[in-house]
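The structure appears right after this line, and notes come after that.
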Amino acid sequence: MPQTVFAPWEDPEEKPLIRFQNVTKKFGEFTAIHNIDLDIYTREFFALLGPSGCGKTTLMRMLAGFETPTSGKILLGGEDIAAVPPNKRPVNMMFQSYALFPHLSVWDNIAFGLRREGREKSEIETRVGDMMRLTRLEKFARRKPHQLSGGQRQRVALARSLAKAPKLLLLDEPLGALDKKLREETQFELMDIQEKTGTTFVIVTHDQEEAMTVASRVAVMDEGQLVQVSTPDRIYEYPNSVYVADFIGDVNIIKGTASQSGDKVLVSWAEGASPLVATSTALLQKDQTCYLAIRPEKITISAEEPETSNKVHGEIIDIGYLGNISTYHVKLPTGEMIKAQSTNTRRISRRNFTWEDKVWLSWSDTAAVVLER
């Protein structure tokens, strides 16, 4: 049987677990969150992504109950949770610092919340055992936090947060303290645990790779507003603004003016240069200012002039070697710098291009996204 795609946000019958309705949060004169509407569904791994100060942590703190909205409503399972104190909400929060008790063993750290609730001893033992197996911590049960690595401490904090079986787990920059390799490994562990428990996860991060890896959907935020909410592939391939295109991954932005015929857009961008061709379903005014967003991996680099409508000639100024890919920074006669990426399928001594080489860059008509803002 084919596996159904998880996309409750596309089903009009599906009720969201969390609903923000016209939520605004002010601190004195400063508006941290500006009139936000957002639905998050059961079993989602939802990412709030944006730079420092964009409001993502404030949104999360309102979900946890540490802040209250200045206006608007937050519904959890259809009920307004404004008056419900943090400890009475079916919500748990895992902090960046992990906040483990240094004098307690791993086992006791995980059991702490269950004991405070006065659960039966046998129930606590079963639940802690389940959580330790889930997070692969069985052999560390008697260790104290200082005897663990960063990744192991992170798993203890996760096990403790999940022990009370919350409907919703909030993760505030949970992998920030880990090194790059461990962070990447832990991202997949998090996804695996989220899938096994079926808990709804909401993660706050400023790391776009992390958001793109773990999340079913991503909300890109800026200055207290949601700029785009969609699946990672849609946000990467079809950003709705220069801000989103620029925030997620590497991108070339070329500013120009548009003239449109059907879904084909001609973009005049530099004096004496041939117009660039793109496709767009949006209706653009004649000579409207627009922006072409082209990902570096969609640009082909060649020594010979290609037979295609979108081509520019320039000189290689810089090369970034990342092992699996190389990024070429190519300066055009107009002064613009364009980045093109190619996969390193050959050893370094057999490569084609080097500094100061004159090269052609080209891309297909569908490679660029036309943006109006």
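Hey, which of these cross-link pairs are over 29 Å Cα-Cα: 88/139; 88/180; 264/339; 139/180? From the list (88/139; 88/180; 264/339; 139/180), the Cα-Cα distance tops 29 Å for 88/139; 88/180.
How large is the dipole of the chain about the Cα centre if only Lys and Arg carry +1 and Asp and Glu carry -1, each at its Cβ, rounded to the nearest 20 debye?
Computed about the Cα centre, the dipole is about 1660 debye.
For region 250-371, the gyration tensor built on C-alpha atoms gives a prolate shape. Its axis ratio a/c (a ≥ b ≥ c) is at least 1.5, and a/b is the larger of a/b and b/c. A straight chain from residue 234 to residue 26 at 0.36 nm per residue would run longer than the Cα-Cα distance by 71.8 nm.
An oblate overall shape is assigned to region 62-207, the ratio a/c of its alpha-carbon gyration tensor axes (a ≥ b ≥ c) being 1.5 or greater and a/b not exceeding b/c.
Work out, step by step, the length gained on full extension between residue 136 and residue 82: first 0.36 nm times the residue separation, then minus their alpha carbon distance; give nm to one decimal.
15.8 nm
For the pair residue 322 and residue 6, how long in nm is the line joining their label points, each one 7 Å along Cα→Cβ? If labels sit at residue 322 and residue 6, their model points lie 2.6 nm apart. Just to confirm a number: summing +1 for Lys and Arg and -1 for Asp and Glu over residues other than residue 304 whose beta-carbon lies under 12 angstrom from that of residue 304, what do you get? Spelling it out: positives minus negatives among the neighbours equals 0. With one equal scatterer per alpha carbon and no solvent term, the Debye-computed log10 I(q)/I(0) for the chain at 0.06, 0.09 1/Å reads -0.31, -0.66. By the count of neighbouring beta-carbon atoms within 10 Å, fewest first, 172, 318 end up ordered 318, 172. Which of the three applies to region 185-284, rounded, prolate or oblate, going by the alpha-carbon gyration tensor with a ≥ b ≥ c and a/c under 1.5 meaning rounded? Prolate shape, in that a/c is at least 1.5 and a/b is the bigger ratio. The 3J(HN,Hα) values that the Karplus relation (6.51, -1.76, 1.60; θ = phi - 60°) gives for region 300-305 are, in residue order, 9, 10, 8, 7, 8, 5 Hz. Gly and Pro appear as x. When the Gaussian network model of the chain links Cα atoms closer than 10 Å, the mean-square fluctuations of 153, 43, 133 top out at 133. Each of 206, 103 was scored by other Cβ atoms within 10 Å of its Cβ. Listed from fewest to most, they are 103, 206. Name the most mobile residue of 92, 352, 310, meaning the one with the largest mean-square fluctuation, in a Gaussian network model of the chain with Cα contacts below 10 Å. Of the options given, 352 has the highest mean-square fluctuation.
Sorting 233, 365 from the fewest to the most surrounding beta carbons within 10 angstrom yields 233, 365.
Taking label positions 7 Å along the Cα-Cβ direction at both residue 14 and residue 125, the computed distance is 4.1 nm, reported to one decimal. Under the combined filter of DSSP loop state and at most 10 neighbouring Cβ atoms within 10 Å, region 276-308 retains these GluC sites (Glu not before Pro): 304, 307. In the elastic network of the chain, a GNM with C-alpha springs shorter than 10 Å, the most mobile of 88, 56, 167 is 88.
Loop-located GluC sites (Glu not before Pro) in region 1-96 (DSSP state other than H, G, I, E, B) with a sparse environment of at most 13 neighbouring Cβ atoms within 10 Å: 13, 14, 29. Label-to-label distance, residue 332 versus residue 108, with points set 7 angstrom from Cα along the beta-carbon direction: 6.6 nm. Beta bridges from DSSP with both residues in the chain: antiparallel share about 75 percent, rounded to the nearest 5.
The numbers here are math on the coordinates, done by the rules we state, and not lab data. None of the values given here were measured: they were computed from a predicted structure. So basically every Cβ, Gly included, is an ideal-geometry build from the backbone, and we count neighbours across all protein chains shown.
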